[in-house]
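Only the coordinates and a few stated rules stand behind these numbers; no lab work does. The shown structure was predicted, so the numbers you read here are calculated from the model rather than taken from an experiment. Reconstructed Cβ throughout: ideal geometry from the backbone, glycine too, with neighbour counts over all protein chains shown.
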Amino acid sequence: MATIEQTAAGSTPATTGDDHAAGAHDPHATSTGVTHTKLAMWIFLASDCLFFGAFISAYMLYRGRNVGSGPTQRDLFDIPFTSATSFILLMSSLTMVLALAAIQRGDHRRVRIWLLATALLGATFIGGQVFEFTEFTREGLHVDTSLFGSTFFLLTGFHGAHVTIGIIWLLSLWGMSSRGRLPQAKAESVEIAGLYWHFVDVVWIVIFTIIYLVPQPGS
Amino acid sequence: MTTVSDALRTTVDRPIVLRRPNATTGAWSWFTTVDHKKIGIMYGAAALLFFVIGGIEALLIRLQLFQPNGSVLTASQYNELFTMHGTTMVFLVGMPMAVAFGNYFVPLMIGARDVAFPRLNAFGFWVVCAGAIFLYSSFIPGINGVPNGGWFGYTPLTSTPISQGFLPGHGPDFWSVGIIMLGIGSTTSAINFIVTILNMRAPGMTLMRMPVFVWMMLVVAFLTVFAMPIITVALIMVFTDRNFGTLFFAPAAGGDPLLYQHLFWLFGHPEVYILILPGMGIVSEILPVASRKPLFGYAVVVFSGIAIGFLGWGVWAHHMFTTGLGPVAISAFGLSTMLIAVPTGVKIFNWLGTVFRGSVRLTTAMLFSLGFIAMFTIGGLSGVMHSIVPADSQQTDTYFVVAHFHYVLFGGLIFAVFGGMYYWLPKVFGRMLDERIGKINFWTMLVGFNLTFFPMHLLGLYGQPRRTYRYDTGLGWDGLNQAVTIGGFVIAVSTLIFVVNVIVSITMKRGAVAGDDPWDGRSLEWSISSPPPEYNFAEVPEVEARDDFWHRKYTEDDDGRLLALPKGGAYGDDEPAHDGHGIHLPSPSIYPLVMAFGLLPIGYAAVYQSWIPLLVGLLVLLFGMYAWGIEPTTEDG
């Protein structure tokens, strides 16, 4: 997926001989100067903002509307625990940057170390989420218990799915690197995976703040 | 560790899972093609097929309403048909038709050899195809799942669990999952359009030199990218409410059905512009060529299109004036709705200014474009009527609304699409469509269209409600309903005339040979042969002006009269012929198709909550994804 599908490449020899010719014949030249894949990833992330935005809006609209029974935020949340897993996820952005720096200078051993570290930190976060979900379910909160259950599980669940896809992506890059298929020239594949990874982290900052940190109305 | 060997190994020991397809002709090549032109043709053919299917659904609806207390359809069949008619026309006709024109002509108009992501382009088409198969598979007897909650799928009707007896069967499940699938397809193609338009313009093709159609497709792509995730979330909520007991739209648990309407129309109104802006782009290409004048006020047309793109996000609640939003909200949305009429009206005057004092040639394409202006203006005016809240409260849920949006979408988009077909199919297939049949096609369409949809204004004002499968006699609606039904069949005849024209002129090759530039065109697609070579441009054109191709053919004397330049001013004429040898094009690939059809079992797994198809689908998806990732874009040799 992360290859540059530059198709206008391989232009034919200059014929007009004017000053545009130089730009026309660089096979990787794009009109904006940003590569296709990177531009596409930015647009996808912008689109994904609206995806999370819609779920976050639903959560905020329904906050505090616990009609009927079921445990509430105050009964369930363990802020120190979630803060710790959030911190771990945020640290994975640091290792992601280190992986990118490593491939840009051609240090393939460190690329693999940092990619694996990023995936492991992500997996730790997911482990924390699985633990949290199990715990909440045991204490009686399900998707069909209350609006809180519905909005909480879907919003954080879809975020968890994004992190999981990111982990698979990072492990794929790690596998490619181990087989020697991730040369320095392909540093951009790591950069683009990184864009996605940082985006997922930033979204979690928003979700964590809104769900866990902002006090409930009326509490 | 060793970068040299890393680089070498990428090209040497790539595992080959499926043999790389390499045919560029023959039936199989259509399944593996990554050529934007072939994909464009497939989008167009699929959209036309669904235009016929959606049309048949409409005719069945009209047969039921031909007489009071009609008995052609049962109430539940009627619900299924109006739901599928709307869903089909929006998601399987309007959007793919615009993508068809965009796919084929955006690269040609900006001087590119393909789109930015050829395989992703193919993937987008196959996802739409899979989504269409999924939606229509609900018609298979025994599945009991034809969507029946309206194309808008209002909650809590659609979201209430099956166990509570609302909408029994799997209708809303097929509907929500199917539209999510179609959304994946349109989002990927929109991302592709944005990157292609921003990144792959020929040297000198600055943004403000791009043809207006390209501009409109850019705006549409941005609208799609931002609108689709919103409907996706709304549909996920409907689906989980119905199947997993979430309570998003369950009033008893505090859920708010109006949240769904907000999410739906926050997607749904930009969607209206996703449907109409490509039509505006098409007529903005045809009118200047047929009038032999530059588009009047190019910059204003472009900025109006962008303004519509922005304002389109601030008017959604005019679909909800009668839901009790409160006076402040409805006043604000009424005002914003009036405001969005301004850039739309500006465009209408731009088009009129383009035609005014032009050397107008009334080709079929031009007739459809003029028809577009007239019909769209009527639809626009009834739209302004809806912005007046008290009037809208009367018109809501009556046939007046049906009349309005058909004037905008049929009188707008579909007229532009037919015009675009007459204008551009000669480029696509190298043969002109018959102009005599074309004119019959236009006039029957215009008459049939107005006979169908104009009486609906009156029926709406007389109080006939939408989405209701029968009406009593003696309400004064009988004659008008008969006129509407007859008009519907006139439209069907006109569509048939178009199909006959395509078969006679193109399939049977009776049409005149088009040549490179049959209309004396202004944009780059007319500078190359018809049909274009696989690589589009042997030499990437160097653009020096807006309507560059025109300026290479004509200049003006001191009095402003046109003077034809001696031949040879156009691209390539002063160069030796180029056979395209040595131009690297992306190789065909089967994996876009594999990945797209991996979504099908996942869709059925969602509807039937079954693990086996889910696993099968995920495996196919993953296999396709990795094989795609390993496969290089261009295969040498």
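For an R0 of 35 angstrom, estimate the FRET efficiency from the Cβ-Cβ distance between B:Asp558 and B:Val360 and round to the nearest 0.05.
That pair, B:Asp558 with B:Val360, gives E of 0.90.
Just rank B:Phe248, A:Phe208, fewest to most, by other beta-carbon atoms within 10 angstrom.
A:Phe208, B:Phe248
How big is the gap, in Å, between the Cα center of the stretch B:307-360 and the Cα center of the stretch B:430-465?
Their Cα centres are 24 Å away from one another.
Counting Lys +1, Arg +1, Asp -1, Glu -1, what net charge surrounds B:Pro168 among other residues with beta carbon under 14 Å of its beta carbon?
Details: positive: B:Arg242; negative: B:Glu80, B:Asp173.
Charge balance near B:Pro168 sits at -1.
Above 18 angstrom, tally the Cα pairs of the stretch A:113-183 and express them as a % of all pairs, no decimals.
Details: 1233 of 2485 pairs.
When all Cα pairs of the stretch A:113-183 are counted, 50 percent exceed 18 Å.
Specify whether the C-alpha gyration tensor of the stretch B:150-217 places it in the rounded, prolate or oblate class, a ≥ b ≥ c being the square roots of the eigenvalues: rounded for a/c under 1.5, otherwise prolate if a/b is larger than b/c and oblate if not.
Details: a/c = 6.44, a/b = 3.88, b/c = 1.66.
Since a/c reaches 1.5 and a/b is larger than b/c, the shape of the stretch B:150-217 is classed as prolate.
Treating only the Cβ of Lys, Arg, Asp and Glu as charged (+1, +1, -1, -1), what charge dipole size does the stretch B:167-291 show about its Cα centre? Round to the nearest 20 debye.
Magnitude of the dipole: close to 340 debye.
What's the FRET efficiency of B:Asn69 with B:Leu381 using the Cβ-Cβ distance as r and R₀ = 35 Å, to the nearest 0.05?
In this case the efficiency is close to 0.55.
Within the protein assembly as shown, how many Lys pairs sit with Cα atoms under 27 Å apart, leaving out pairs fewer than 8 places apart on the same chain?
Taking the protein assembly as shown as the scope, the lysine pair count is 21.
What stretch of chain B, leaving out the sites themselves, is the longest with no GluC sites (Glu not before Pro) in a DSSP loop having at most 15 other Cβ atoms within 10 Å? Kindly include the intermediate steps, with their values, before the conclusion.
Details: sites that count: B:Glu534, B:Glu544, B:Glu635.
Longest site-free region, per DSSP loop and neighbour criteria: B:1-533.
With contacts defined as alpha carbon pairs under 8 Å and 6 or more residues apart, what's the relative contact order of chain B in percent?
Values: 1032 pairs, mean separation 109.7, N = 637.
Relative contact order of chain B: 17 percent.
Checking the a/c ratio against 1.5 first, then a/b against b/c, what shape does the Cα gyration tensor give for chain B?
oblate
What nm value, rounded to one decimal, do you get for the distance between A:Ile165 and B:Val513 when each label is placed 7 Å out toward the C-beta?
Simple spin-label model gives 5.0 nm for this pair.
Using alpha carbon centroids, what distance separates the stretch B:49-75 and the stretch B:483-551, in Å?
Their Cα centres are 33 Å away from one another.
What nm distance separates the two modelled labels at B:Ile56 and B:Tyr462, each placed 7 Å from Cα along Cα→Cβ?
Placing both labels 7 Å beyond Cα along the Cβ direction yields 3.1 nm.
Taking H placed 1.01 Å from N in the peptide plane, check which residues at least 5 places from B:Tyr554 or on another chain put their amide H under 5 Å from its amide H.
Those lying under 5 Å, H to H, from B:Tyr554 are B:Leu565.
Taking square-rooted eigenvalues a ≥ b ≥ c of the alpha carbon gyration tensor, is the protein assembly as shown rounded, prolate or oblate, where a/c under 1.5 means rounded and, failing that, a/b exceeding b/c means prolate? Mind dumping the intermediate values first?
Values: a/c = 1.78, a/b = 1.07, b/c = 1.67.
Taking the square roots of the gyration eigenvalues as a ≥ b ≥ c, the protein assembly as shown is oblate.
Suppose we flag trypsin sites (Lys or Arg not before Pro) only when DSSP calls them loop and at most 11 other Cβ atoms lie within 10 Å. Which is the longest uninterrupted stretch of chain B?
So the longest stretch without any such site is B:20-356.
Using modelled backbone amide H atoms (1.01 Å from N, in-plane), which distant-in-sequence or interchain residues come within less than 5 Å of B:Arg431's amide H?
Answer set, sorted by chain and number: B:Ala514.
How high is the FRET efficiency from B:Phe489 to A:Val202, r the C-beta distance, R0 60 Å, rounded to 0.05?
The calculated FRET efficiency here is 0.60.
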